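A short write-up of the structure that comes next.
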Amino acid sequence: MNEMPFSRVGSVLSRVSVLTATIVLTSIGLLLSSGFQVFDPMVRHDDFAALLADPTGYYPKTLYEGRWINYLWHLRGVATPSWLSYLAYQFFWSVFAACLANLALGDKGLLWHRVAMALLVALVPSALLISLWFNTLMPGMAMVALYAWLSTQVDERIARGLLVVFVPLTLMAYTTYPLFLLVLCLARADTLRSFRDLVGVMILFIASFALGLVVIFTLNYVEHGVFGVPMAPWRNATPAHDLASAIENAKQIGMFLYQSGRVLGFGFTPLTMAHLVLLAAGIAVVGRRDPWRVVYLLSGIAAGLGLVFLQTVKSGISLPVRVISFAWALHAVLFVLMVLQLSENGGIRERLTRNLLIFLVMAYAAGTFQQSLIYAAWQKETRAMAAEIGEGSGSVFVTGTYKSLLNADRAGIQNPRGLRLRLTYLTGRIVITCEEQPAECVALPPDMLEDLPPGETQVHHLADKVVVRLSKQVVSAR
């Protein structure tokens, strides 16, 4: 009977233990950096539908955005606690980052190099921005994580073949999620890189993406009678119809790149410039020894940005900065590969690059923690408001405007439903805001509709209802 040699068993167990350790340490680092988000995560107003398992408000996104996987998640019928969904989402994101680090480094580097790369990927500011929709995006991120983990367990040929399944599925969760799968394919250390191989994986990815579009178009045709994904009216799209309009739309690309640079550097221009220098240095250092490695990584960045730019030129809508995380992931891979190459002979180059990698991870952990504090005040204020409202079955009426709350502006609350749904989640009551439904508030006692000084809040318990009085005057943190 043929048995696997002991050395091979040991090698497999070693890879598994290193991957597990990387996932665990990355998860811990990400959660520690997330600060108060762990205990009471910030939920954006249009993410409440997923939090409360309410499919009615999300249904239009199946037509206008093709988010069918997310819609199915809304149909689960059981409201999931926000903290649990947040932990799950961040765990899945950590799995992707950790698997990418292990695939990219292969047998190079130590455990701390893998964890450092994974944290650098996971702590990118654009990932922090999109994590505010964790309730909605959790199933999509779970599929990204599953593909990432499977890629570490199977050979490259099988991993690429799985794109045909996972690209369409992740596309129906978030448009740029398939790019994370491409990142995993292009960053693998065990790839026999060549022009033919690169073209092959790109063709396979494009075909899988096209298959995903066909699936979405078909579902939209069956359900909505529309074969395609029309642009939502609220986006105010300006579709290109000739060369002049395409050029006009293309002008938004520059603003997207500028805003991406600012966000990736936490608004600190020298940090953004430093990363451009590091990108150039990584291309030069790694490219001198393994040019095809650099070509693969840059091809992933170019392909992803090309998809983003094509959408901008076609529709006239600039995609949000939070979609840029895939490019950052490839930049992180290139940077750590450079660090390892420069560290081979020890000496001052090894110390400088090692310390630079550690510094950047710590800087992005601190930046992520600081950003999480922006939402802490809003969460604390609304928890106190909900505690004063208390339990019961009566409706809650909110007078005045949410814009009178300084922390609402700081937390980026964009409309009254942000406060309404937050209080609904915390109290379990029906909450009515007079801003949204003024007719519902006509019957309130006149003194309940009187104005208050900006920032002041009063909670009144009446016979069959609770009235939360806010000021009618707008305040701004800017």
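Normalised per residue, the accessible area of region 61-158 is 33 Å², obtained with a 1.4 Å probe and no contribution from ligands, DNA or RNA.
Legend: residues S476, S372, sorted from most to least accessible area (1.4 Å probe; ligands, DNA and RNA excluded), read S476, S372. When the inverse distances between all different Cα atoms of the chain are averaged and flipped, the Kirkwood radius reads 24.4 angstrom.
The charge dipole of the chain, taken about its Cα centre with unit charges on the Cβ of Lys, Arg, Asp and Glu (plus for the first two, minus for the last two), comes to roughly 1280 debye. Helix 269-289 axis versus longest C-alpha principal axis of the chain: approximately 20°, rounded to the nearest ten.
For region 251-295, with every protein chain kept in place, what is the accessible area per residue (1.4 Å probe, Å²)? Walk me through the intermediate numbers first.
Working: 2580 Å² over 45 residues.
Result: 57 Å² per residue.
Report note on the peptides 57-64, 86-93: ranked by the mean count of other C-beta atoms within 10 Å, highest first, their order is 86-93, 57-64.
Cysteine residues of the chain whose C-beta has no other cysteine C-beta under 4.7 angstrom: C99, C185. Relative to the longest principal axis of the Cα atoms of the chain, helix 325-342 runs at roughly 40 degrees. The fraction of Cα-Cα pairs per 10 angstrom bin, counted from 0 for region 57-98, comes to 25, 37, 36, 2 percent, rounded to whole percents. Amide hydrogen proximity for V431: with H placed 1.01 Å from N in the peptide plane, the residues at 5 or more positions away or on another chain lying under 5 Å are V396.
By per-residue mean of other Cβ atoms within 10 Å, what is the highest-first order of 71-77, 364-370, 344-350?
On the way: 71-77: 16.1, 364-370: 18.1, 344-350: 10.4.
Final packing ranking: 364-370, 71-77, 344-350.
Plugging the Kirkwood radius over Cα pairs into Stokes-Einstein for region 366-447, at a temperature of 25 °C and a viscosity of 0.890 mPa s, what D comes out in µm²/s? Intermediate results must be reported in sequence, preceding the final value.
Values: Rh = 13.7 Å.
Roughly 179 µm²/s, to the nearest whole number.
Here each label is just a point 7 Å from Cα along the line to Cβ, and for D242 and W83 those points are 6.0 nm apart.
Once you have a ≥ b ≥ c as the square roots of the Cα gyration tensor eigenvalues for region 114-216, tell me rounded if a/c is under 1.5, and otherwise prolate or oblate according to whether a/b is larger than b/c. Oblate. Excluding ligands, DNA and RNA, the accessible surface per residue across region 184-237 is 57 Å² with a 1.4 Å probe.
The share of accessible area on the chain that comes from carbon and sulfur is 66 percent, using a 1.4 angstrom probe.
In units of the rule-of-thumb radius 2.2 N^0.38 Å, region 189-254 shows an alpha carbon radius of gyration of 1.64. Taking the C-alpha atoms only, the angle from helix 243-264 to the longest principal axis of the chain is near 90 degrees.
I want to verify the translational diffusion coefficient of region 292-429 in µm²/s; compute it with Stokes-Einstein, Rh as the Kirkwood radius over Cα pairs, at 20 °C and 1.002 mPa s. Mind showing how you got there, number by number?
Values: Rh = 19.7 Å.
Translational diffusion coefficient: 109 µm²/s.
Given a 1.4 Å probe and heavy atoms of the protein chains only, how would you sort R193, R383, largest accessible area at the top? Intermediate results must be reported in sequence, preceding the final value.
Numbers: R193 50, R383 105 Å².
Descending order: R383, R193.
The values are calculated or read from the model by the stated rules, or taken from the named source; none is laboratory data. Treat the numbers as computed from the prediction; the structure is a model and nothing was measured. Note that we place each Cβ from the backbone using ideal geometry, even for glycine, and neighbour counts take in every protein chain shown. Quick note on the areas: whole protein, heavy atoms, side chains included, nothing else; ligands and nucleic acids left out. Shrake-Rupley method; radii C 1.70, N 1.55, O 1.52, S 1.80 Å.
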